[in-house]
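Worksheet for the structure shown next.
The values are calculated or read from the model by the stated rules, or taken from the named source; none is laboratory data. Since this is a predicted model, take the numbers as computed values, not measurements. Every residue, glycine among them, receives a Cβ derived from its backbone with ideal geometry; neighbour counts consider all protein chains shown.
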Amino acid sequence: MTDTIYAPATAPGRAAVAVVRLSGPDAGRVLYAMGGRLPAPRRAALRRLRDGEGALLDEALVLWFPGPGSYTGEDSVELHLHGGPAVLAGVLQRLDGLGLRLAEPGEFTRRAFENGRLDLAQAEAVADLIEAETAAQRRQALDQLGGRLSGAQARWREALIAALSVFEAAVDFPDEEIPADVAMRAAPILRPLIAELRAAALETERGERVRTGYRIALMGPPNAGKSTLLNALARREAAIVTATAGTTRDIIEVPLVLAGYKVILADTAGLRETADEIEAEGVRRAKAWGAEADLRLWLVDGAAPKAAPEAGTVSGLEAADIVLVTKRDLGDGGDPSVGRPFSAKLAEDLAWLESVLAERVAMDLGGAEPPAATRLRHRGLLTAAIGHLERAADPQAEPELAAEDVRLAARALDRITGRIGSEDVLDRVFASFCIGK
């Protein structure tokens, strides 16, 4: 990290203000070359920024952050420009001419990680905070950025060190006056730790759903009202609605916010036997999406009632699913023993359904506090650590092998926060960031 990088930190286009960030050993020199003397650290100052020939580029607010007291841990500068495209283009051209390099996606945060300002779990939380669309996503990301997972990992690591010291005592000093059951003394340390790691691994799925969205599938035969309901809940014409059966062929996904959580609502192809190759593929995709959904709404045509989906099949009715007998505004409302009579065109029915869905989402994703682990990467490492510790906690395990399993578990947990991490993992994590962060 001997070079100095720059990047716009605000979205492209015309705006009141455009922010450009610089980080690296030449940040102060570049600011001096463009605007004269450096301002006091972390104090905004007005400066006239000039190009290489002395022509005025802009009057801007500038901030100087000498390292290590900056976001990246390096000397850093922020230029708060007028947000016109010509102003931004002129400043970026000047920075390039002064020998700076345009930053890669996530490079500022990667430098913060490599300089010890953030660990890897906190760096991932920065990306989650930028992507947050709902209050729940924001809360979870801020909790992670505040060090919840990092603190838990540190606590787990201390327990592993304590267990390892017991095993190593049995291995390194077999002839000393040490109780014969010394290896068994690690069990009271390992068993509660294994239980805590299992709980954290299970909670990861909840955290992942908060991040990516709770998936609700609209399922049922053709012309049952799935597309009509999707449009009603989305408050827009997201899907084509016609009287022709089989209009919907592919999955139509619409993001919603319910109870402060992101929800992905999907309209799917009508389920029926068909010789049409395209429609058959749509049915296959509908079943696959429904099988992975967190909640399914089965719609049954109330104008021509049919039996509800048969329980026990992969794509059939499950206990947690909701069955709606649709089009009650067109007739007698259908058979209430099949499902709840419903019409997407009646305000009271729509309000009831939104309330039910919000309650279900909050019940499935809510909790006393956000989960410690929130990504599939975290769950994989937690699962690996659990496997090693279960072997170490086996009463028949040899102390030498148990000690090695504890070391391997510690190594897996260290990868969560990046204490130990391969370059390809870091590349994948930071590649998901936007440029300028």
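Show me the helices (runs of 4 or more DSSP H) found entirely inside region 45-150 where at least 2 residues are under 24 Å from residue 24 (Cα atoms) and over 28 Å from the mean Cα position of the chain (by Cα). Before you say what the answer is, go through the steps one by one.
Working: elements: 85-97, 107-114, 120-131, 135-145.
In region 45-150, the matching helices (runs of 4 or more DSSP H) lie at 85-97.
Scan region 398-437 for residues that are of a type in the set (Lys, Arg), closer than 30 Å to residue 186 by Cα and crowded, with 19+ Cβ neighbours inside 10 Å and report the count.
Qualifying residue count, region 398-437: 1.
Let me confirm something: among 236, 198, 215, which residue is more than 30 Å from residue 386 (Cα to Cα) and either in the same structural domain as residue 135 (by TED's automatic domain parsing) or not in a helix (DSSP H, G or I) (or both)?
Values: 198 fails: more than 30 Å from residue 386 (Cα to Cα); 215 fails: more than 30 Å from residue 386 (Cα to Cα).
After applying the criteria, what remains is 236.
Going residue by residue through region 332-354, is there one that turns out to be among the acidic types (Asp, Glu), modelled with pLDDT under 85 and not assigned by TED's automatic domain parsing to the domain that holds residue 203?
Checked against the condition, which is being among the acidic types (Asp, Glu), modelled with pLDDT under 85 and not assigned by TED's automatic domain parsing to the domain that holds residue 203, region 332-354 yields at least one hit.
So which of 319, 288 ends up being modelled with pLDDT of 90 or more and under 33 Å from the mean Cα position of the chain (by Cα)? Spell out how you get there, then give the answer.
Values: 319 fails: modelled with pLDDT of 90 or more.
That would be 288, the only listed residue that is modelled with pLDDT of 90 or more and under 33 Å from the mean Cα position of the chain (by Cα).
Taking the conditions exactly as written (surrounded by 18 or more Cβ atoms within 10 Å (Cβ to Cβ), part of a helix (DSSP H, G or I) and at pLDDT 90 or above), does residue 298 satisfy them or not?
No.
Just for region 13-28: of the residues that are in contact (Cβ under 8 Å) with a residue 60 or more places away in the chain and surrounded by fewer than 23 Cβ atoms within 10 Å (Cβ to Cβ), which one is nearest to residue 74 (Cα to Cα)?
26
Inspect region 51-64 for any residue being closer than 21 Å to residue 106 by Cβ and in contact (Cβ under 8 Å) with a residue 40 or more places away in the chain and give the result as yes or no. Before the answer, list the steps.
Going residue by residue through region 51-64, those that are closer than 21 Å to residue 106 by Cβ are none.
No, region 51-64 has no match at all.
Out of 136, 132, 123, which single residue is free of Cβ contacts under 8 Å to residues at least 24 places away in the same chain, of a type in the set (A, V, I, L, M, F, W, C), surrounded by 18 or more Cβ atoms within 10 Å (Cβ to Cβ) and under 30 Å from residue 414 (Cβ atoms)?
132
Out of the residues in region 407-436 that are free of Cβ contacts under 8 Å to residues at least 24 places away in the same chain and of a type in the set (Lys, Arg), state the one that is farthest from residue 386 (Cα to Cα).
Per the stated criteria, the residue is 428.
If you scan region 5-26, which residues turn out to be small (Gly, Ala, Ser), assigned to a loop (DSSP other than H, G, I, E, B) and within 26 Å of the chain's Cα centre (by Cα)?
So in region 5-26, the residues small (Gly, Ala, Ser) come out as 7, 9, 11, 13, 15-16, 18, 23-24.
Then keep just the ones that are assigned to a loop (DSSP other than H, G, I, E, B); that gives 9, 11, 13, 15-16, 24.
Residues satisfying the conditions are 9, 11.
Would you point out which residue out of 418, 387, 436 is more than 30 Å from residue 295 (Cβ to Cβ), of a type outside the set (D, E, K, R) and not assigned by TED's automatic domain parsing to the domain that holds residue 204?
None of the other options fit; the residue is 436.
Among the residues of region 239-261 satisfying the criterion of being of a type in the set (D, E, K, R) and assigned to a loop (DSSP other than H, G, I, E, B), which is modelled with the highest pLDDT?
For region 239-261, the residue satisfying everything is 250.
Among the residues in region 362-383, are any out of contact with any strand residue (DSSP E or B) (no Cβ under 7 Å at 6 or more places or on another chain), free of Cβ contacts under 8 Å to residues at least 40 places away in the same chain, surrounded by fewer than 17 Cβ atoms within 10 Å (Cβ to Cβ) and within 30 Å of residue 112 (Cα to Cα)?
Within region 362-383 (the criterion being out of contact with any strand residue (DSSP E or B) (no Cβ under 7 Å at 6 or more places or on another chain), free of Cβ contacts under 8 Å to residues at least 40 places away in the same chain, surrounded by fewer than 17 Cβ atoms within 10 Å (Cβ to Cβ) and within 30 Å of residue 112 (Cα to Cα)), the answer is yes, since at least one residue qualifies.
As an exercise: evaluate residue 388 against (1) free of Cβ contacts under 8 Å to residues at least 60 places away in the same chain; (2) exposed (fewer than 14 other Cβ atoms within 10 Å of the Cβ); (3) over 19 Å from the mean Cα position of the chain (by Cα) and give the number of the one condition it does not meet.
(2)
Could you grab the pairs with beta carbons closer than 8 Å, sequence gap of 6+ or different chains, first residue in region 268-286 and more than 20 Å from residue 230 (Cβ to Cβ), second one β-branched (Val, Ile, Thr) and part of a helix (DSSP H, G or I)?
Correct list of pairs: 274/283.
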